[in-house]
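Here is the structure we will look at, set down as structure tokens.
The values are calculated or read from the model by the stated rules, or taken from the named source; none is laboratory data. Fair warning: this is a prediction, and the values are worked out from it, not measured in the lab. Reconstructed Cβ throughout: ideal geometry from the backbone, glycine too, with neighbour counts over all protein chains shown.
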Amino acid sequence: MTAKAAHGDFGDVLTAAGKDLKPVCASLRRTLAALHPGFVEVVWVRQRIASYGIGPRKMSEHYAYIGVQRSHVNLGFYHGASLRDPGRLLEGTGKRLRHVKLRTVAEASRAAVVTLLRQARAERERKARP
């Protein structure tokens, strides 16, 4: 896992999160670490996001991000439009990006959220193969 890129580290994301959202962010990161040991993490402090992938390039190698908002945390998927979402959690209308709004650790821990993360990682790994 790559922490403290030139941009910042996960502590900066936690600092940006309010008291109620810090546990949501931390829970999501623990889930990502459990699902993908050795993930690459890049933090953009000004945008208040931590991005995760199989390599350092955002749109081609990253599959998910944790983004701090005022009242919730976005778990975003760079290629979310291609994910199966039987739980209808994904929001967004763009060509690729989708996100799930999370306000509690219980929401962040749902099986449907974990399934989306697994799918997103697998999709990036398939695309990265020569």
Every listed condition ((1) among the small types (Gly, Ala, Ser); (2) under 22 Å from Gly8 (Cβ atoms); (3) not in a strand (DSSP E or B)) holds for Ser51 save (3)
Of the residues in segment 84-117, those that are of a type in the set (Lys, Arg) and either surrounded by 12 or more Cβ atoms within 10 Å (Cβ to Cβ) or over 29 Å from Gly18 (Cα atoms) (or both) come to Arg84, Lys95, Arg96, Arg98, Lys101, Arg103, Arg110
Checked segment 121-130 for anything of a type outside the set (Gly, Ala, Ser) and assigned to a helix (DSSP H, G or I); matches are Arg121, Glu123, Arg124, Glu125, Arg126, Lys127
Residue count, segment 69-120, condition touching a residue at least 12 places away in the same chain (Cβ under 8 Å), part of a loop (DSSP other than H, G, I, E, B) and among the basic types (Lys, Arg), comes to 6
Kindly evaluate Val24 against the criterion of being farther than 14 Å from Arg124 by Cβ and either in contact (Cβ under 8 Å) with a residue 60 or more places away in the chain or buried (at least 20 other Cβ atoms within 10 Å of the Cβ) (or both). yes
> Taking Arg48, is it on the phi > 0 side of the Ramachandran plot and within 14 Å of the chain's Cα centre (by Cα)?
Replying inline: yes
Inspect all residues belonging to segment 28-40 and state whether any of them is among the aliphatic types (A, V, I, L, M), buried (at least 20 other Cβ atoms within 10 Å of the Cβ) and touching a Cys at 6+ places or on another chain (Cβ under 8 Å).
no
When you scan segment 118-125, do you find a residue that is aliphatic (A, V, I, L, M) and closer than 23 Å to Asp12 by Cα, even just one?
no
Practice item. Say whether the condition of being in contact with a Leu (Cβ under 9 Å, 6 or more places away or on another chain), under 24 Å from Arg110 (Cβ atoms), of a type in the set (Lys, Arg) and part of a helix (DSSP H, G or I) is met by at least one residue in segment 30-42. Key: no
For segment 59-118 the number of residues that are closer than 16 Å to Arg30 by Cβ and at pLDDT below 95 is 0
